[in-house]
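A.B. asks: Sharing a structure, written as structure tokens. Questions coming.
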Amino acid sequence: EAQVTQNPRYLITVTGKKLTVTCSQNMNHEYMSWYRQDPGLGLRQIYYSMNVEVTDKGDVPEGYKVSRKEKRNFPLILESPSPNQTSLYFCASSSGIPYNEQFFGPGTRLTVL
Amino acid sequence: RKEVEQDPGPFNVPEGATVAFNCTYSNSASQSFFWYRQDCRKEPKLLMSVYSSGNEDGRFTAQLNRASQYISLLIRDSKLSDSATYLCVVTIIYGNKLVFGAGTILRVKS
């Protein structure tokens, strides 16, 4: 089954404790991205990657890191999480250019205390 | 000003009603346009792309007006299952980015 998976689905952590949210897709998509969704603000792009070893900042990259060492994986790293990073996070992928349909993962609900 | 703006609603309509949503975008370099549907706190899923000539998919019709920089979604004969948040999405040709509107909530009631 073609899908985007994210882990963990739910996470409660404390300020400053490094964490990684994994994202993997099995559709051989080139384009992958991370979003956060907050009430009233919609989805905002954090980082995106056009292909392996190619990453770029989205609209809200501060406090986040990403890597794209393999085509299928695009982990999101929070080196020192803070309460304002409490949010619902989605990973997405699409074939080729980002103008194609975006396939989203199920989301990760993160709470930073 | 937000790059993509939508009326947040909620739109409360009875079954069988016709409802229309509008979305405005500010960047004239916008390249492609989409409507996504998001059920409560689940992942967004593509509903339909929006083409310059307008396009229809069953009960759903999407229109694009480049001159006025807005897109619209019309839902005819609303079903209970249409209740969701509808997200307007615009791609910006420079920077390879997608911009999402905050969404419009639709509630269809029996």
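A.B. asks: Tell me which residues come under 5 Å, amide H to amide H, from B:Gln31 once H is placed; ignore anything under 5 positions away on its chain.
C.D. replies: Sorted by chain and number, the residues that satisfy this are B:Thr91, B:Ile92, B:Ile93.
A.B. asks: Continuing with this model, one more query. Whole-Hz Karplus ³J(HN,Hα) for segment B:24-37, in order, using 6.51 cos²θ - 1.76 cosθ + 1.60 and θ = phi - 60°, x for Gly and Pro?
C.D. replies: With the stated coefficients, segment B:24-37 comes to 10, 10, 9, 8, 5, 7, 4, 9, 10, 9, 9, 10, 10, 10 Hz.
A.B. asks: Something else now. Per residue of segment A:45-52, what does 6.51 cos²θ - 1.76 cosθ + 1.60 with θ = phi - 60° give for ³J(HN,Hα)? Whole Hz please, x for Gly and Pro, Karplus curve as stated.
C.D. replies: These are the phi-based 3J(HN,Hα) values: 7, 8, 9, 9, 9, 7, 5, 4 Hz.
A.B. asks: Limiting things to C-alpha atoms, what are the Rg and the maximum Cα-Cα separation (Dmax) for segment A:19-76, in angstroms?
C.D. replies: Final numbers for Rg and Dmax: 11.3, 34 Å.
A.B. asks: By residue number, which cysteines of chain B lack any other Cys whose Cβ falls under 4.7 Å from their Cβ?
C.D. replies: If one checks each Cβ against the other cysteines of chain B, B:Cys40 turn up with nothing under 4.7 Å.
A.B. asks: How charged is the neighbourhood of A:Asp59? Take every other residue with its Cβ under 14 Å from the Cβ of A:Asp59, and add Lys/Arg as +1 and Asp/Glu as -1. Write out the running numbers ahead of the final one.
C.D. replies: Numbers: positive: A:Arg36, A:Arg44, A:Lys57, B:Lys2, B:Lys97; negative: A:Asp38, A:Asp56, A:Glu62, B:Glu3.
For residues surrounding A:Asp59, the net value is +1.
A.B. asks: A further question follows. What would the Debye formula give as log10 I(q)/I(0) at q = 0.09, 0.12, 0.15 Å⁻¹ for the alpha-carbon point model of chain B, no solvent?
C.D. replies: The calculated log intensity ratios at q = 0.09, 0.12, 0.15 Å⁻¹ are -0.21, -0.38, -0.59.
A.B. asks: Can you work out the Karplus-derived ³J(HN,Hα) for every residue in segment A:59-75? Use 6.51 cos²θ - 1.76 cosθ + 1.60 with θ = phi - 60°, whole Hz, and x for glycine or proline.
C.D. replies: After applying 6.51 cos²θ - 1.76 cosθ + 1.60, I find 7, 9, x, 4, x, 10, 9, 9, 8, 9, 8, 10, 5, 7, 10, 8, x Hz.
A.B. asks: Using only the C-alpha atoms of chain A, find the volume of their convex hull and express it per residue in Å³. Walk me through the intermediate numbers first.
C.D. replies: On the way: hull volume 10.5 nm³, N = 113.
Expressed per residue, the convex hull around the Cα atoms of chain A is 93 Å³.
A.B. asks: Can I ask one more? Among B:Thr104, B:Ala20, B:Leu80, whose Cα sits farthest toward the positive end of the charge dipole of chain B (+1 at Cβ of Lys/Arg, -1 at Cβ of Asp/Glu, about the Cα centre)?
C.D. replies: In chain B, that residue is B:Thr104.
A.B. asks: Report the Cα-based extents of the protein assembly as shown along its three principal axes, largest first, to the nearest Å.
C.D. replies: 50, 39, 36
A.B. asks: Here is a further query. Listed here are the pairs A:Lys69/B:Lys97; A:Lys57/B:Lys79; B:Lys45/B:Lys109; A:Lys18/B:Lys42; A:Lys65/B:Lys109; which of them are more than 32 Å apart at the Cα?
C.D. replies: Numbers: A:Lys69/B:Lys97 21 Å; A:Lys57/B:Lys79 40 Å; B:Lys45/B:Lys109 22 Å; A:Lys18/B:Lys42 26 Å; A:Lys65/B:Lys109 43 Å.
Where the Cα-Cα span goes over 32 Å, the pairs concerned are A:Lys57/B:Lys79; A:Lys65/B:Lys109.
A.B. asks: Please quote Rg/Rh for segment A:1-49 to two decimal places, taking the Kirkwood radius as Rh and restricting both calculations to Cα atoms. Before the final figure, lay out the partial values.
C.D. replies: Values: Rg = 13.1 Å, Rh = 13.0 Å.
Rounded to two decimals, Rg/Rh equals 1.01.
A.B. asks: If the only charges are +1 at each Lys and Arg Cβ and -1 at each Asp and Glu Cβ, what is the size of the charge dipole of segment A:1-99 around the Cα centre, to the nearest 20 debye? Please report the intermediate quantities before stating the final value.
C.D. replies: Working: 11 positive and 9 negative charges, 49 e Å.
Roughly 240 debye for segment A:1-99.
A.B. asks: Could you rank the peptides A:30-37, A:42-49 by their average count of other C-beta atoms within 10 Å per residue, with the highest value first? Write down the numbers at each step before the final one.
C.D. replies: Values: A:30-37: 24.5, A:42-49: 23.0.
Result, highest mean first: A:30-37, A:42-49.
A.B. asks: Hey, another quick one. Can you give me the C-alpha center-to-center distance between segment B:6-83 and segment A:34-113, rounded to a whole angstrom?
C.D. replies: Cα centres, segment B:6-83 to segment A:34-113: 24 Å.
A.B. asks: Give me the distance in nm between label points sitting 7 Å out from Cα along the Cα-to-Cβ direction at B:Ser26 and B:Asn55, one decimal.
C.D. replies: My value for the distance between the label points is 2.8 nm.
A.B. asks: Please give me the summed charge of the neighbours of A:Lys71: other residues whose Cβ is under 14 Å from its Cβ, Lys and Arg +1, Asp and Glu -1.
C.D. replies: Details: positive: A:Arg68, A:Lys69, A:Arg72; negative: A:Glu30, A:Glu53, A:Glu70.
Charge balance near A:Lys71 sits at 0.
A.B. asks: Still on this model: What residues qualify as long-range amide H neighbours of B:Leu47, i.e. H under 5 Å apart, gap of 5 or more or another chain, H built at 1.01 Å from N?
C.D. replies: B:Trp35, B:Tyr36, B:Arg37
A.B. asks: Let me ask something additional. For segment B:28-84, what is one quarter of the convex hull surface built on the Cα atoms, given in nm²?
C.D. replies: Numbers: hull surface 18.4 nm².
For segment B:28-84, the mean projected area of the Cα convex hull comes to 4.6 nm².
None of the figures in this text is laboratory data; all of them are computed from the coordinates on show. In this text, all values refer to a predicted model and were calculated from it rather than measured experimentally. As a convention, Cβ positions derive from the backbone with ideal geometry for all residues, glycine included, and neighbour counts pool all protein chains shown.
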